[in-house]
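A.B. asks: Following this message is one structure expressed as structure tokens.
The values are calculated or read from the model by the stated rules, or taken from the named source; none is laboratory data. Just so it is clear, the model here is predicted, and its values are computed rather than measured. Every residue, glycine among them, receives a Cβ derived from its backbone with ideal geometry; neighbour counts consider all protein chains shown. To get the accessible areas, we keep the full protein, side chains included, count just its heavy atoms, and leave off ligands, DNA and RNA. Shrake-Rupley method; radii C 1.70, N 1.55, O 1.52, S 1.80 Å.
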Amino acid sequence: SIPIAKQLASIKALGKGSDLEKGFATVALVYNNSADPEGKLSKAETKSLLQTQFGGFIQGQENKPKYQEIISALDEESENKIDFEDFMILLVSLTLMSDLLQEIKNVKTTK
């Protein structure tokens, strides 16, 4: 398996891409590297990917009802698969409820 950084570097259009473009490209590559040939993830694979690649955002969220709702949905109907669009909505939802988001908002930038 080729490291994500190397995969990103191979995308010529991102050579002078912005941080945001590279961030979204990274999400797409992580997803695609885990997806099946149809471009989808099982719910179990999605849950595993979140735990291994998104742990900083979901850490400490276990007791929040919305988090429990999202994770229990991944445990139900395991034959249903997640496409990239649903995966992105899932990431945004988890990010918005994350304690890490508040920490990110509090980071001071120099201008």
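A.B. asks: In the structure shown, do any of LYS6/LYS108; LYS66/LYS105; LYS22/LYS105; LYS22/LYS47 have a Cα-Cα gap over 25 Å, and if so which?
C.D. replies: The pairs that break the limit, which is 25 Å between Cα atoms, are LYS6/LYS108.
A.B. asks: Order the following by accessible area, largest value first: THR109, THR26, THR46. Probe radius 1.4 Å; ligands, DNA and RNA are ignored.
C.D. replies: Final ranking, largest accessible area leading: THR109, THR26, THR46.
A.B. asks: Per-residue ellipticity at 222 nm for the chain, helices alone: DSSP H runs ≥ 4 residues times -39500 (n - 2.57), over residue total, nearest 500 deg cm²/dmol?
C.D. replies: -18000 deg cm²/dmol
A.B. asks: Please compute the net charge surrounding ALA9, taking Lys and Arg as +1 and Asp and Glu as -1 over other residues with Cβ under 14 Å from its Cβ.
C.D. replies: +3
A.B. asks: Something else about it: Set the Förster radius R0 to 22 Å, insert the Cβ-Cβ distance between ILE104 and GLN53 as r into 1/(1 + (r/R0)^6), and round the FRET efficiency to 0.05.
C.D. replies: 0.85
A.B. asks: Here is a follow-up. Springs between alpha-carbon atoms under 10 Å, Gaussian network over the chain: tell me which of LEU91, LEU14, LEU74 tops the mean-square fluctuations.
C.D. replies: Maximum fluctuation in the GNM of the chain, among the listed residues, is at LEU14.
A.B. asks: Determine, from the Cβ-Cβ distance of GLU62 and ASP19 and an R0 of 35 Å, the FRET efficiency 1/(1 + (r/R0)^6), rounded to the nearest 0.05.
C.D. replies: Approximately 0.70, to the nearest 0.05.
A.B. asks: What net charge is computed for the residues neighbouring ALA35, neighbours being all others with C-beta under 14 Å from the C-beta of ALA35, Lys and Arg scored +1, Asp and Glu -1?
C.D. replies: -3
A.B. asks: Over its Cα atoms, what ratio of radius of gyration to 2.2 N^0.38 Å does the chain give?
C.D. replies: The chain yields a ratio of 1.17.
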